[in-house]
Amino acid sequence: KTLYFFRNPPPTLLHPEKWCRGFNHFISQCLIKDFEKRPSVTHLLEHPFIKQVHGKDMSLQKQLAELIQEQQQLGSTAKTRHERIHTRRPYHVDGADKYSLDDDLVNLEVLDEDTIIHQLQKRYADLQIYTYVGDILIALNPFQNLSIYSPQFSRLYHGVKRSSNPPHIFASADAAYQSMVTFSKDQCIIISGESGAGKTESAHLIVQHLTFLGKANNRALREKILQVNPLVEAFGNACTAINDNSSRFGKYLEMMFTPTGAVMGAKISEYLLEKSRVIKQAVGEKNFHIFYYIYAGLYHQKKLSEYRLPDKKPPRYIDNETGRVMHDIVTKDSYGRQFEAIQHCFRIIGFTDEEVYSVYRILTGILNTGNIEFAAISSQHQTDKSEVPNPEALDNAAALLSIGSEELQEALTSHCVVTRGETIIRTNTVDKAADVRDAMSKALYGRLFSWIVNRINTLLQPDKNICNAENRMNVGILDIFGFENFARNSFEQLCINIANEQIQFYFNQHIFALEQMEYQSEGIDAATVEYEDNRPLLDMFLQKPMGLLSLLDEESRFPQATDLTLVDKFEDNLRCKYFWRPKGVELSFGIQHYAGKVRPCDFYLIQITVVLVVLRTSENKLLQQLFSSPLTKTGNLAQARARVTAASRSLPPQLSAGRIKVDTMEVMRHPEETTNMKRQTMASYFR
């Protein structure tokens, strides 16, 4: 009836022809599809058609009320046509030609677990992998390619009502985008699920659709954003027992837009990379993808010798029980194609050839570091000293990392202890030297990964000339590692599962607790929904000072702490229904989860000397930067900007004989940078 009022204006308001011209021009402005050209709400309010009615609100309301009353008396319901403009035809996806009540589970008369599972199973059998639950989208992994993600489908899910088409991940992306543009508020899409559920692929599709919706004039920027995920996943994803492309880190991607909805940049935040995978993998699992990609690429380019890599027996860090690693690297076309794809990603995003060369040298340096072996040296006075009997791997690693072989060996086989202002050099046992070697490899890879993410953020940061920081808007996409439960679970699995538990708590609060509080405040008579509150479980892990993580930090500070004292401490203090310790297994414990028992967690305490000082002396400027930049409170590498002098000041006496030249570099203090490194632990980074 309001539309009728606009089409048939009262002659008392203004001349009908002028009214119609103003109305048509106003509507044409509203219907501009290009967000770059469409006027904002502020501009529309200045339109002559709107400005002419300023101050006439009461008069218009009165006229509109009279018109509605008149139409009701005339029985105009029979005459009024309720219609919407159809700009595109509904598509057909495996028999689903339009939105139905089954597309949203809230329409079910009975809402219990069996009914929901039956409904999802029935839809899955028809390859309808998407189903709504109110604002939530359930996505079931089809484990096959479906042809429903082409540009045609992107156009189909562009600015239309959700009920116009079957459920789709593009609809969720479109809803976030339209809400951002319409309400000028940042949006966030949280992707949650078990490992292997398809979270990473869903994140790809969301980025793909948001990039389509936010088309900017800068095509190169759109291409860069689309290359970010493949590059980061090559370094942060790996094959596990249940997922060939499992995310081994937490990723939060922010896509940045102008007030009119054009994409203008992107930023990644990375958390908790599973660095232990670099040095050891469980049976049936692999190292990070990039190691296999680069090995295959260098093999086909006949550059293995340049990077000191063998062509027969694989390095220890990527070798496994099958004995087929080198065979797969040589024969699998997929590895070679992925290496070419990674080179393409580096080039499109904007990495220089020198930077990529340095990245390859560090990666192959890590592989050679893993091959360094140690042997005990026995003497009359000392039996706990170690040496490197075969210097080949040591020399290879040192050459690739651009550091001295003697300095590297000294750093691996000894450590400094400062007592009352005096520095004492003590030797490492064989086991201790191996721990230091592996710690160095993990640190190298973790800092390299952080640097790549920081470099991507620098290359994709928004142009300040297009839009200042105050006016831009974001859509954030959270894609973290999924809940895992293996035969043996390490500290990494514990952190992964706590993070998923925290997201579950977030869902519980927003879907159940806060919603029911709103019902009560509004006096709505609604039955109370019972749900599994996981807050007590989270408290067992996170509360201070008696939560599991706090107890772990406390025990780590005791010089005489052992694996057994740690587990005993847990059992003595975590007296709740969630903690259990299996009989007959001294060094394990488990968690009683609402989904069942999570098998025993294996912990070990290692106090390791890190060879930072030697790595800071590298002639490789990138490597020098990795170990001269501070870490943030979440354990990531701070971004580089302000000039400082790198590390010669902290070299021990035996390494500072004047042979090493250290360049200056640029470091920017991160807003969350921490300088109190003695108090930082993996648990504190995670928290």
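So for the range 321-330 (the condition being at pLDDT below 95, of a type in the set (Val, Ile, Thr) and assigned to a loop (DSSP other than H, G, I, E, B)), does at least one residue qualify? Among the residues of the range 321-330, at least one is at pLDDT below 95, of a type in the set (Val, Ile, Thr) and assigned to a loop (DSSP other than H, G, I, E, B), which makes the answer yes. Of the listed requirements (1) open to solvent by 70 Å² or more (accessible area, probe 1.4 Å); (2) free of Cβ contacts under 8 Å to residues at least 24 places away in the same chain; (3) within 24 Å of ALA439 (Cβ to Cβ); (4) not polar (S, T, N, Q), GLU354 misses just one: (3). Where helices (runs of 4 or more DSSP H) fall wholly inside the range 397-510, the ranges with 1 or more residues that are touching a Gly at 6+ places or on another chain (Cβ under 6 Å) and of a type in the set (A, V, I, L, M) are 430-459. Of all residues in the range 234-246, those being touching a residue at least 24 places away in the same chain (Cβ under 8 Å) and open to solvent by 10 Å² or more (accessible area, probe 1.4 Å) number 5.
Based on this model, can you work out whether GLN502 counts as free of Cβ contacts under 8 Å to residues at least 40 places away in the same chain, under 17 Å from TYR685 (Cβ atoms) and open to solvent by 20 Å² or more (accessible area, probe 1.4 Å)? Give the steps one after another, and end with the answer.
On the way: free of Cβ contacts under 8 Å to residues at least 40 places away in the same chain: yes; under 17 Å from TYR685 (Cβ atoms): yes; open to solvent by 20 Å² or more (accessible area, probe 1.4 Å): yes.
It is true that GLN502 is free of Cβ contacts under 8 Å to residues at least 40 places away in the same chain, under 17 Å from TYR685 (Cβ atoms) and open to solvent by 20 Å² or more (accessible area, probe 1.4 Å).
Condition check for ALA376 on (1) in contact with a helix residue (DSSP H, G or I) (Cβ under 8 Å, 6 or more places away or on another chain); (2) surrounded by fewer than 16 Cβ atoms within 10 Å (Cβ to Cβ); (3) without any contact (Cβ under 8 Å) to a residue 40 or more places away in the chain; (4) among the aliphatic types (A, V, I, L, M): one failure, at (3).
So in the range 159-177, with the set limited to residues that are open to solvent by 30 Å² or more (accessible area, probe 1.4 Å) and modelled with pLDDT of 95 or more, which one is farthest from the chain's Cα centre (by Cα)? Only one residue fits best here, namely ALA175. Taking the range 508-533, which residues are under 18 Å from GLU194 (Cβ atoms) and either in contact with a Leu (Cβ under 9 Å, 6 or more places away or on another chain) or crowded, with 16+ Cβ neighbours inside 10 Å (or both)? The answer is ASN508, and nothing else.
So, in the range 584-627, how many residues would count as being farther than 25 Å from ALA683 by Cα and at pLDDT below 80? Show your work before the answer.
Step one: filter the range 584-627 for residues farther than 25 Å from ALA683 by Cα, giving 584, 614-625.
Filter once more, so that each one left must be at pLDDT below 80: 584.
Of the residues in the range 584-627, 1 are farther than 25 Å from ALA683 by Cα and at pLDDT below 80.
Looking at the range 186-207, is at least one residue part of a loop (DSSP other than H, G, I, E, B), at pLDDT 95 or above and open to solvent by 30 Å² or more (accessible area, probe 1.4 Å)? Yes; the residues of the range 186-207 include at least one that is part of a loop (DSSP other than H, G, I, E, B), at pLDDT 95 or above and open to solvent by 30 Å² or more (accessible area, probe 1.4 Å). Checked against (1) over 30 Å from LEU460 (Cα atoms); (2) touching a residue at least 12 places away in the same chain (Cβ under 8 Å); (3) assigned to a loop (DSSP other than H, G, I, E, B); (4) touching a helix residue (DSSP H, G or I) at 6+ places or on another chain (Cβ under 7 Å), ARG316 passes all but a single condition, namely (4).
For the subset of the range 573-583 comprising residues that are at pLDDT 85 or above and touching a strand residue (DSSP E or B) at 6+ places or on another chain (Cβ under 7 Å), which member is most open to solvent (accessible area, probe 1.4 Å)?
In the first step, residues of the range 573-583 are kept if they are at pLDDT 85 or above; the result is 573-581.
Next, only the ones that are touching a strand residue (DSSP E or B) at 6+ places or on another chain (Cβ under 7 Å) stay: 577-581.
Numbers: LYS577: 152, TYR578: 34, PHE579: 25, TRP580: 60, ARG581: 53 Å².
My answer is LYS577.
The values are calculated or read from the model by the stated rules, or taken from the named source; none is laboratory data. Every value quoted in this text rests on a predicted model; they were computed, and no experiment measured them. Every residue, glycine among them, receives a Cβ derived from its backbone with ideal geometry; neighbour counts consider all protein chains shown. Keep in mind that these areas ignore ligands, DNA and RNA; they rest on the heavy atoms of the full protein, side chains included. Shrake-Rupley method; radii C 1.70, N 1.55, O 1.52, S 1.80 Å.
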